[in-house]
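Here's the structure, in structure tokens; my notes come after.
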Amino acid sequence: MRVGLLTEGGYPYASGEAHRWCERLVHGLAGHEFACYALSAQPAEEGRGLAELPGNARVLGRGRLWGPAPGADGRSAGRRARRRFAEHFGDLVAVCAAGQGVTDRADRFARGLGGLADLARDGVPLSALLRSEEALRLLEAGCHGAGAASAVQGARVTDLVTAADGLEAQLRPLALDWYGPGGLAAVDLCHATSAGAAALPGLLAKRFFGTPLLVTEYGVRLREHYLAPSGASRNGPVHALLTAFRRALAAETYARADLITSGGLRARRWQERCGADPARLRTVPPGLDAGPFAAVPDAAPDDSATLVWTGALAPDKDLIGLLHAFAEVRRDHPAATLRIVAGPDAGPEAAAYRAQCRALAAQLFPDEAADDRSAGENPVSFEELGGPAAPTPADACAAATVLVLSSGTEGFPRALVEAMFCGRATVSTDTGAVREVIGGTGLVVPPRNPRALADACRALLADPGRRARLGAAARARALELFTDERNAAAFRGIYLELIARAPAAPAGTGTAGGVPRPFARPAESRVPAGPAAGAVRTPSWADGDGGCGRPRRARYGAAGEAAAGQAGRG
């Protein structure tokens, strides 16, 4: 089938691990065709360039949620279009600016969003209207009128202008040229990677063509918006308006999606809190490539005492607490060492945090020397992934007697799964999806508790047999639940399930009498023909003469040719 893959700030742009699951999905489902429609959230994403796509994937649409508004070609909307815009945008503003007393919030948001989509489909310059004086007047009336939320009542003109710009950027997918016969109208299924702006094209495809919509969230965009530090343009009323819009959009997406998947319990709780029906929620853990870890022995030597931490250096990883915990471990295990293996610093904040951790390690563990003439060594080493000591994550995990995860906050713990692939015993803090991932095959302690972390590490260092048992169970669990193959198989089944029970599409979209027609566009119908097909030889039965030396039209006539075509299709 043809899948419309809708992304925001990720694949197919060469981003990071947070969106690499899309790449593994496309490669793992080689039997399906993926039409990628990508929204970039900031200029840096496009600067990275596009990832190399396999033969079953193509980028058919690219849009921006930043920069100048598209379509500024001087067109103006007529009076009737402006009245329609005022009605529909007014519904959105009423939802975003109102307090908790609004009872028809979901209906008004859906009505307003659908009305703006219809306007854009009719050729009305939606971006220009969203930045117009009429839009500012509607925002002002919503923020200063009766029933407005207290957070937006103090909105000034500059706040209204900034909010209008933000809403215009988020609503740009409504006006993209992705909904024609060669675009999302031709896909069998839409798969959105978030319930944010990426889901808007899927909502429109469902509205216009009855296309099933699947939403997958390994990181909930609404949660990220709540936790992101507020800049000058997101303070006060502006932040409140845009947050209310994102919250309403997530609720609308969850209400309209045929199925919603998440990677773990935390994301699922957010989805349910935002109105998702538990009956339409599935948990599909992200998959990782287990191949590079297959050759690592099941357990470290019994006499080893090396703790390994891997990840990205950041304050929320709580390496300060880990260093204090390691100081307690050294009291019972003087030969123990701690290796901190991190990727390249992602910015000045990471570099400053690395320097802070190095300074603390030097203070807690002065360089030890055997005598006055020998050079001392610190039991804590800071290494960069890809260096001589740890070229790959598998090498870092192989060197560990125990792998430690000390995070104060955590999403899906990739480092923990890699250690499980290597058969290593683990000690981790109870954050994010850690407890779901580990499932009893490792020790879990409260976050930001160095004493509990130290006690768990000491317990495993002192018991090689227990380490071996936990490591073997961890490897078996990881291979069963967290491989690429498992993830691809889960989505293969979900795709078939959704397309098998696809609802009847609206009139004019290729259904017969309102009856669903899954796979109505067979794959062979998209095989290139003519000069674009290159030097591929046309079989004799398809060369136009029926393989008998005479053109089919001459043999059967026009009516006969049509009948023969129908017989062939039957």
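Brief remarks follow.
- Per-residue ³J(HN,Hα) for region 160-172, Karplus 6.51 cos²θ - 1.76 cosθ + 1.60, θ = phi - 60°, Hz, x for Gly and Pro: 5, 5, 5, 5, 4, 4, x, 5, 4, 5, 5, 9, 4
- A cut-off of 5 Å between modelled amide H atoms, ignoring neighbours fewer than 5 places along the same chain, links Y179 with L184.
- Solvent exposure of S76, expressed as accessible area, is near 100 Å², computed with a probe of 1.4 Å over the protein chains only.
- For region 1-158, convex hull volume per residue from C-alpha positions, Å³: 171
- Pairwise inverse Cα distances across region 309-451, averaged and inverted, put the Kirkwood hydrodynamic radius at 15.7 Å.
- Dividing the convex hull volume of the alpha carbon atoms of region 238-352 by its residue count gives 211 Å³ per residue.
- Relative to the Cα centre, the charge distribution of region 233-273, modelled as +1 at Lys and Arg Cβ and -1 at Asp and Glu Cβ, gives a dipole magnitude of about 200 debye.
- Placing a label point 7 Å from the Cα of E485 along the Cα-to-Cβ direction, the residues of region 289-315 whose backbone N falls under 17 Å of that point are 289-296.
- Region 168-283, accessible surface, carbon-and-sulfur percent (1.4 angstrom probe): 50
- Rolling a 1.4 angstrom probe over the protein heavy atoms with all chains in place gives region 377-453 an accessible area of 33 Å² per residue.
- You can think of it this way: the chain between A335 and D367 has 10.2 nm of extra reach, that is 0.36 nm per residue less the Cα-Cα gap.
- Accessible-area rank, largest first, for E410, E349: E349, E410, with all protein chains present and a 1.4 angstrom probe.
- Amide hydrogen neighbours beyond the local backbone of G386, cut-off 5 Å, H modeled: T392
- Here the mean projected area of the convex hull built on the C-alpha positions of region 124-262 is 9.2 nm².
- Taking the DSSP beta bridges with both ends in region 261-405, the antiparallel portion is around 5 percent.
- The residues of region 59-154 expose, per residue, 52 Å² of accessible area to a 1.4 Å probe.
- Label point of D316 set 7 angstrom out along Cα-Cβ; within region 420-463, amide nitrogens under 13 Å from it belong to 431-433.
- Max-minus-min Cα coordinates of region 124-202 on each principal axis give 46, 25, 19 Å, with the largest extent listed first.
- Around the amide H of L5, modelled in the peptide plane, lie the amide H atoms of A35, C36, Y37, H191, all under 5 Å away and 5 or more residues distant in sequence or on another chain.
- Percent carbon-and-sulfur accessible area, region 94-161, ignoring ligands, DNA and RNA, probe 1.4 Å: 51
- Model label points for R435 and E328, set 7 angstrom from Cα along the Cα-to-Cβ axis, are 2.1 nm apart.
- Over region 434-492, the ratio between the Cα radius of gyration and 2.2 N^0.38 Å evaluates to 1.40.
- Among the protein heavy atoms, those of W178 account for about 10 Å² of accessible surface (1.4 Å probe, every chain in place).
- Remark: region 249-259, residue by residue, has Karplus-estimated 3J(HN,Hα) of 5, 4, 5, 5, 5, 5, 6, 9, 5, 6, 8 Hz, where x stands for each Gly or Pro and the curve is 6.51 cos²θ - 1.76 cosθ + 1.60 at θ = phi - 60°.
- Each of G432, A351, L405 was scored by the projection of its Cα onto the charge dipole of region 338-471, and the greatest displacement toward the positive side belongs to G432; charges sit on the C-beta of Lys, Arg, Asp and Glu.
- Extending 7 Å from the Cα toward the beta-carbon at both D277 and A500 defines two label points whose distance is 1.9 nm.
- Rolling a 1.4 Å probe over the protein heavy atoms leaves H144 with an accessible area of roughly 90 Å².
- These residues, F34, F412, go from largest to smallest accessible area, 1.4 Å probe, as F412, F34.
- Inter-label distance, R492 to E377: 4.8 nm, where each label sits 7 Å from its Cα along the C-beta direction.
The values are calculated or read from the model by the stated rules, or taken from the named source; none is laboratory data. As the structure is a computational prediction, the values presented were derived from the model and not from experiment. Note that each Cβ is placed from the backbone with ideal geometry, even for glycine, and that neighbours are counted across all protein chains shown. Only protein heavy atoms, including side chains, enter the accessible area calculation; ligands, DNA and RNA are left aside. Shrake-Rupley method; radii C 1.70, N 1.55, O 1.52, S 1.80 Å.
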